[in-house]
Amino acid sequence: MYIYSVKSRVNNEIVSLWRSFFIEHHLDDLIATGCFTQYEMRQLQSDDPMSTHFVADYYFDTMDDLDRYQREYAAALKQDIVKRFAGKFHSERSIYQVISQKTK
């Protein structure tokens, strides 16, 4: 199992719109591609007066799934975010392989 992790720093002036858009649309749009099996979104607890930090983790089974996402869907989904929130956020992406996991 792998995780495609997207860390975003969002200007506080749009943070409510950003959060709502992600929860109500974007996260489900990524799942609807069929490339990811689940997601988890977190918000950093911070006193930063200028921005709020989020992490969205998208789980996938094989690197072929991520390759397909990047080939077929990523550009359009990223463009949708840029169109709505241009200049008001910065995102960084990482890929992790899960090497150990335990659930209670």
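Summary table
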| read-out | value |
| --- | --- |
| Those residues of the stretch 67-86 which are within 15 Å of LEU27 (Cβ to Cβ) and charged (D, E, K, R), in sequence order | LYS78, ASP80, ARG84 |
| Any hit, the stretch 66-83, residues being loosely packed, with under 14 Cβ neighbours inside 10 Å, among the polar types (S, T, N, Q) and in a loop (DSSP other than H, G, I, E, B) | no |
| Single condition ARG19 does not satisfy, out of (1) touching a Ser or Thr at 6+ places or on another chain (Cβ under 6 Å); (2) over 21 Å from GLN97 (Cβ atoms) | (1) |
| Qualifying residues in the stretch 21-58 (those that are part of a strand (DSSP E or B) and among the small types (Gly, Ala, Ser)) - the one farthest from ALA74 (Cα to Cα) | SER51 |
| Criterion: farther than 22 Å from TYR2 by Cα and aliphatic (A, V, I, L, M) - qualifying residue of VAL82, VAL55 | VAL82 |
| Qualifying residue in the stretch 93-104 (condition: over 22 Å from ASN12 (Cβ atoms), among the aliphatic types (A, V, I, L, M) and either free of Cβ contacts under 8 Å to residues at least 12 places away in the same chain or outside any strand (DSSP E or B) (or both)) | yes |
| Extreme residue, surrounded by the fewest Cβ atoms within 10 Å (Cβ to Cβ), among residues of the stretch 53-65 that are within 18 Å of ILE23 (Cα to Cα) and hydroxyl-bearing (Ser, Thr, Tyr) | TYR59 |
| Check on MET50, exposed (fewer than 13 other Cβ atoms within 10 Å of the Cβ), modelled with pLDDT of 95 or more and aliphatic (A, V, I, L, M) | no |
| Leading residue by the ranking (surrounded by the fewest Cβ atoms within 10 Å (Cβ to Cβ)) among those in the stretch 8-21 that are among the hydrophobic types (A, V, I, L, M, F, W, C) and more than 14 Å from the chain's Cα centre (by Cα) | LEU17 |
| One residue from VAL82, VAL55 being farther than 13 Å from PHE36 by Cα, β-branched (Val, Ile, Thr) and touching a Lys or Arg at 6+ places or on another chain (Cβ under 7 Å) | VAL55 |
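Residue by residue, here is whether (1) under 13 Å from the mean Cα position of the chain (by Cα); (2) touching a residue at least 12 places away in the same chain (Cβ under 8 Å); (3) farther than 18 Å from SER94 by Cα holds:
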{"position": "VAL6", "(1), (2), (3)": "yes, yes, no"}
{"position": "ILE23", "(1), (2), (3)": "yes, yes, yes"}
{"position": "ASP47", "(1), (2), (3)": "no, no, yes"}
{"position": "TYR59", "(1), (2), (3)": "yes, yes, no"}
{"position": "MET63", "(1), (2), (3)": "no, yes, no"}
{"position": "GLN70", "(1), (2), (3)": "no, no, no"}
{"position": "ALA74", "(1), (2), (3)": "yes, no, no"}
{"position": "GLN79", "(1), (2), (3)": "no, no, yes"}
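The values are calculated or read from the model by the stated rules, or taken from the named source; none is laboratory data. Remember, it's a predicted structure, so these values are computed and weren't measured experimentally. Every residue, glycine among them, receives a Cβ derived from its backbone with ideal geometry; neighbour counts consider all protein chains shown.
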